[in-house]
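**Student:** Questions regarding the structure given below will be posed in turn.
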Amino acid sequence: MRDVVVIGAGLAGLTAATRLMQQGKSVALVSKGIGGIQLGQGTIDFLGYTPDLIHDPIEGINQTVDDSHPYFHFSADDAASAAEWIRDLMGNDLLVGDGHKNYRLPTALGSLRPTALPQPSMVFGEPSGRKIVLVGFDRLKDFYPDLAAENLRRQTNPDGTPIKARAIHVDLEVREGEVDSSAVQFARALDSPDVQEELCRLVKPHLLDGEVVGFPAVLGLADTNAWKRISQRLDHDVFEVVIQPPSVPGMRLNERFTRLVKSGMKDPGAIHSIPDETGVLASRSRFILGGHVIGFDTDDDRVTSVTVASAGHPTTIQAKEFVLATGGFEAGSLAMDSHGTVSETLFDLPLHGVTDEMINGDYWGEQPLFRVGLKVDEQMRPLDTTGQAVYSNLRAAGGLIGGANRWREKSGDGIALLTGLRAADSIVSAGAIDSEEGSKK
C-alpha cells in the first residue's frame, strides 16, 4: 500500500506529488492524460484583477477575496513561500520573480497581460519606454505581428507615453519545403544553434538602434537559453510573446515538472530534500500516465482504494491518503447535463455555488457556472452541505475547488499551486500527529 494516490498531472497534481515525495511519502500519481500546463502561458499567475489591476499579487490575495474564494484559506506568506518553492524547483532559466510584482507582458493580440512569475525569455516585453519591433514568420500562421503592434500602440508605457511598436516579417524555413509549420516545429528547429544563427541573419538588417525585439514564443523547446544567444547575436534585448496552445513555454514548464517528478520516483535525490537512504521510497512511487480512474472503495469515512482502467483488467490501487486534482470543466471533472445539473464526475462530491441560472445572457458579465466547485476546509478536504468533510482522507486541489473566476482574475495557477501544497502538507502533518499518538499508546 502506498502512502498517497494523487489523481491528476496538472499543476496542482504535480505540485502535491512533488511536495509529498520531498516529505518522504510514497506516491502513485495517476493521470488519464498529459496535464494542462502546456495549454497555459508557461507562467505562474497568482492574481491579475479584482477587477482592478493588481500590482502586488502576493499581498493582493487576502485584501481582495471573500470567504468563498480558495484564497480565503491562505495568507500572503503562504503565497510568497509557494512562489519561492515553484521558482526554485523549476530553476531560474524557466521562472523568475518573487511574486510581489505583476509583469505586464504583451500577448499575441497586443494587449498587456499581468503575470507574477514569467519565463525570463518574456521579461523584456514589459513596456519600458523603449521602441518595440515584433517579428513575424511567413511560415508560422499563428502570430500576426502587425495586429499585435497596432494594439500595443494604443497603450502606454509606465510613464504615460504611448508605446511605440512596429512589425517586420522574415521567411525562416524550419522544415524543407513546408510553408505552414507549427509553433512546436519552429521551437524544435530553434534548439539548433545553426537555425538560431540563420534567424539572426534574417532579422538583424531590419533592426533599428535601441529597439527591443519580440518573437512569437518559439525560441527553443529543449534549449531554454536559446533566447539569450539570439539576443547576443542581434545585440538587442529580445522577448517572447505567447501564442495559442499548444504553448511552447507551457510545454517547457510541463516537461521540466513532469521529468522532475519521474526522476524523483527513480532517484529520490533528484528532487531536493527527498530522503535518499535506501531507495525504498523511489521503488514505491509510480507515475501512471494513461490511467483513467473509474471507481473507488470506501470504509466508513475513508477512501481505501481507487480503480484504474488498464489493459486486460481494471487495477486497484490502495493508499492511506488521496488527493483529487483532476481539474474543472475543461478536464471533464465537472460536468453539466442537458437539464443544467452540475456534478463532480469521480467521487460525486457535493458542489457549491450551484444556482438556478448557471449561465446568463451577459457575455462579458459574471457567469455563475465559472465559480461552481468543491468547498474545502483548511486541509483541502471537500465539505458536504453541513460543513463536514465528506471523507477524512480525501483532499482536493486545483480547478475542482469553487469560488473563483479564474480566467477573469488570472488566479488559476496560484490556486493550483497553493492548494496542491496545502493538500500535501496537511497529509504530512496528519501523519506526524498519528505517529505521535501511536507512540503514546
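**Student:** Of the residues in segment 166-180, how many are out of contact with any strand residue (DSSP E or B) (no Cβ under 8 Å at 6 or more places or on another chain) and not charged (D, E, K, R)?
**Tutor:** Going through segment 166-180 one residue at a time, the tally reaches 3.
**Student:** Inside segment 1-106, counting only helices (runs of 4 or more DSSP H) that do not spill past its ends, which hold 1 or more residues that are over 30 Å from E321 (Cβ atoms)?
**Tutor:** Details: elements: 11-22, 57-63, 76-90.
Those helices (runs of 4 or more DSSP H) span 57-63.
**Student:** Further question: In the set G353, G340, G312, which member is of a type in the set (G, A, S), out of contact with any Phe, Trp or Tyr (no Cβ under 8 Å at 6 or more places or on another chain) and surrounded by 16 or more Cβ atoms within 10 Å (Cβ to Cβ)?
**Tutor:** On the way: G340 fails: surrounded by 16 or more Cβ atoms within 10 Å (Cβ to Cβ); G312 fails: surrounded by 16 or more Cβ atoms within 10 Å (Cβ to Cβ).
Exactly one residue qualifies, and that residue is G353.
**Student:** Take segment 244-261 and flag every residue that is closer than 23 Å to R229 by Cβ, in contact with a Ser or Thr (Cβ under 9 Å, 6 or more places away or on another chain) and either hydrophobic (A, V, I, L, M, F, W, C) or not in a helix (DSSP H, G or I) (or both).
**Tutor:** Residue satisfying the conditions is L253 alone.
**Student:** Give the residues of segment 382-402 that are touching a residue at least 12 places away in the same chain (Cβ under 8 Å), farther than 19 Å from D78 by Cα and in a loop (DSSP other than H, G, I, E, B), sorted by residue number.
**Tutor:** Correct list: D384, T385, V390, Y391, S392, N393, G402.
**Student:** Pick from A189, A217, A167: which is touching a Gly at 6+ places or on another chain (Cβ under 7 Å) and at pLDDT 95 or above?
**Tutor:** None of the other options fit; the residue is A167.
**Student:** Just checking, does segment 320-335 include any residue being more than 23 Å from T15 (Cα to Cα), out of contact with any Lys or Arg (no Cβ under 7 Å at 6 or more places or on another chain), open to solvent by 40 Å² or more (accessible area, probe 1.4 Å) and at pLDDT below 95?
**Tutor:** Within segment 320-335 (the criterion being more than 23 Å from T15 (Cα to Cα), out of contact with any Lys or Arg (no Cβ under 7 Å at 6 or more places or on another chain), open to solvent by 40 Å² or more (accessible area, probe 1.4 Å) and at pLDDT below 95), the answer is no, since none of the residues qualifies.
**Student:** Can you tell me which of (1) buried (at least 21 other Cβ atoms within 10 Å of the Cβ); (2) among the hydrophobic types (A, V, I, L, M, F, W, C); (3) not in a strand (DSSP E or B) is the one F239 doesn't meet?
**Tutor:** Looking at each condition in turn, F239 falls short on (3).
**Student:** Can you give me the number of residues within segment 155-173 that are assigned to a strand (DSSP E or B) and within 29 Å of A187 (Cα to Cα)?
**Tutor:** Qualifying residue count, segment 155-173: 6.
**Student:** How many residues are at pLDDT 90 or above and either in contact with an Asp or Glu (Cβ under 9 Å, 6 or more places away or on another chain) or open to solvent by less than 10 Å² (accessible area, probe 1.4 Å) (or both) when one looks only at segment 41-53?
**Tutor:** 9
**Student:** Here's another thing I want to ask about it. Would you check which residues across segment 218-235 are within 18 Å of V133 (Cβ to Cβ) and surrounded by fewer than 21 Cβ atoms within 10 Å (Cβ to Cβ) and list them?
**Tutor:** If the condition is that a residue be within 18 Å of V133 (Cβ to Cβ) and surrounded by fewer than 21 Cβ atoms within 10 Å (Cβ to Cβ), then S231, Q232, R233, L234, D235 are the ones that fit.
**Student:** Further question on the same structure: What are the residues in segment 88-99 that are open to solvent by 10 Å² or more (accessible area, probe 1.4 Å), on the phi < 0 side of the Ramachandran plot and modelled with pLDDT under 95, if any?
**Tutor:** D88, L89, N92, D93, D98
**Student:** State all residues of segment 300-309 that are open to solvent by 40 Å² or more (accessible area, probe 1.4 Å) and touching a residue at least 40 places away in the same chain (Cβ under 8 Å); if no residue qualifies, say none.
**Tutor:** D301, R302, listed by residue number.
**Student:** Continuing with this model, one more query. Can you tell me which condition L369 does not meet? The list is (1) of a type in the set (A, V, I, L, M); (2) touching a Gly at 6+ places or on another chain (Cβ under 8 Å); (3) not in a loop (DSSP other than H, G, I, E, B), and all the others hold.
**Tutor:** (2)
**Student:** Counting only residues that are touching a helix residue (DSSP H, G or I) at 6+ places or on another chain (Cβ under 9 Å) and open to solvent by 80 Å² or more (accessible area, probe 1.4 Å), which one in segment 174-217 is farthest from G129 (Cα to Cα)?
**Tutor:** Going through the qualifying residues, I end up with R175.
**Student:** Answer yes or no as to whether D297 is surrounded by 12 or more Cβ atoms within 10 Å (Cβ to Cβ) and over 26 Å from M21 (Cβ atoms).
**Tutor:** No; evaluated as a whole, the condition is false for this residue.
**Student:** Condition first: assigned to a loop (DSSP other than H, G, I, E, B), open to solvent by less than 50 Å² (accessible area, probe 1.4 Å) and among the small types (G, A, S). Now tell me which residues in segment 121-154 satisfy that. Break it down stepwise before answering.
**Tutor:** In the first step, residues of segment 121-154 are kept if they are assigned to a loop (DSSP other than H, G, I, E, B); the result is 126-131, 138-144, 153-154.
Those left that are additionally open to solvent by less than 50 Å² (accessible area, probe 1.4 Å): 126-127, 129, 139-140, 143.
Result: G129, single match.
**Student:** Select from segment 174-194 the residues that are of a type in the set (D, E, K, R), outside any loop (DSSP other than H, G, I, E, B) and under 29 Å from the mean Cα position of the chain (by Cα) and list them in ascending order.
**Tutor:** Scanning segment 174-194 gives a single hit, R188.
**Student:** Follow-up question, since we're still on this one. With the structure loaded, tell me whether D425 is in contact with a strand residue (DSSP E or B) (Cβ under 9 Å, 6 or more places away or on another chain), of a type in the set (D, E), at negative phi and modelled with pLDDT of 95 or more or whether it fails that test.
**Tutor:** Judged against the criteria, D425 is not a match.
The values are calculated or read from the model by the stated rules, or taken from the named source; none is laboratory data. None of these values were measured; they are calculated from a predicted model. Note that we place each Cβ from the backbone using ideal geometry, even for glycine, and neighbour counts take in every protein chain shown. In case anyone asks, the SASA skips ligands and DNA or RNA and just uses the protein heavy atoms, side chains included. Shrake-Rupley method; radii C 1.70, N 1.55, O 1.52, S 1.80 Å.
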